[in-house]
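Can you read through this structure? Questions will come right after.
The values are calculated or read from the model by the stated rules, or taken from the named source; none is laboratory data. Here the structure is a predicted model, which means the values were calculated and not measured. All Cβ positions, glycine included, derive from the backbone under ideal geometry; neighbour counts span all protein chains shown. Calculation scope for accessible area: heavy atoms of the full protein, side chains included, ligands and nucleic acids excluded. Shrake-Rupley method; radii C 1.70, N 1.55, O 1.52, S 1.80 Å.
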Amino acid sequence: TTPSTGVAAAVFTINPGDLTVTAGNIIGGGNCTITGVTTTGTLAAGNTVVTGTLGVTSDVTVGGNLTITGDVAITGDFDLTNAAATTITSTDNAAGAINFTCNGGAAETFLIRALQGTGAGALTLTAAAGGVAIHAARAAANAIDLTATDAAGGITLTSGTGGFTVAATNGAIDIASG
């Protein structure tokens, strides 16, 4: 039934071919299966299954949960904004279970920022059961740079009974103060 009139809606199948809605919304109650659709209006249904490619040419708002099975390819900017906590979880038991990659060229940068946190743990990197490895392939004295930028800022390195090792292969180790 249509939401505005309560009259039974027509059931139709278009295969193959295109369905173009130039004004208004595509609304389906219950289950709605769509194959190869480009939408410029609103696509709403109880359960919507898209098989093939869904092309979206305007904003998308999800009012509930969004479940994606398979790959998602995004061309252009992708902004994920949330007024509450945002969690990305993988249940894949493999190396690279979550992988963020930049591949735009030599001038690219990858930024992780906490813009307003002022506490000691404003940005925390935690491995709950394993270690943390930081690798840099740059051939320079500052390949890895830890800097506390505030004039009164400091850096604390703390280790357990395993100790703390500083090693340089054929290079200098400098510690300066004052």
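So that you can scan it fast, the table gives a plain yes or no per residue for (1) modelled with pLDDT under 90; (2) more than 30 Å from G70 (Cβ to Cβ); (3) open to solvent by 90 Å² or more (accessible area, probe 1.4 Å):
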| position | (1), (2), (3) |
| --- | --- |
| I88 | yes, no, yes |
| A107 | no, yes, yes |
| G130 | no, no, no |
| S159 | no, yes, no |
| A168 | yes, yes, no |
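Can we say A176 is within 30 Å of G96 (Cα to Cα) and either surrounded by 10 or more Cβ atoms within 10 Å (Cβ to Cβ) or at pLDDT below 90 (or both)? Write out each step before concluding.
On the way: within 30 Å of G96 (Cα to Cα): no; either surrounded by 10 or more Cβ atoms within 10 Å (Cβ to Cβ) or at pLDDT below 90 (or both): yes.
Taking the combined requirement at face value, the residue does not satisfy it.
Looking only at region 90-104, filter to residues that are open to solvent by less than 90 Å² (accessible area, probe 1.4 Å) and not small (G, A, S); which one of those is farthest from A133 (Cα to Cα)? Quick ask: steps written out before the conclusion?
Let us first name the residues in region 90-104 that are open to solvent by less than 90 Å² (accessible area, probe 1.4 Å), namely 90, 94, 96-98, 102, 104.
Now narrow it down to the ones that are not small (G, A, S): 98, 102.
Values: I98: 15, C102: 19 Å.
Applying the filter and picking the extreme gives C102.
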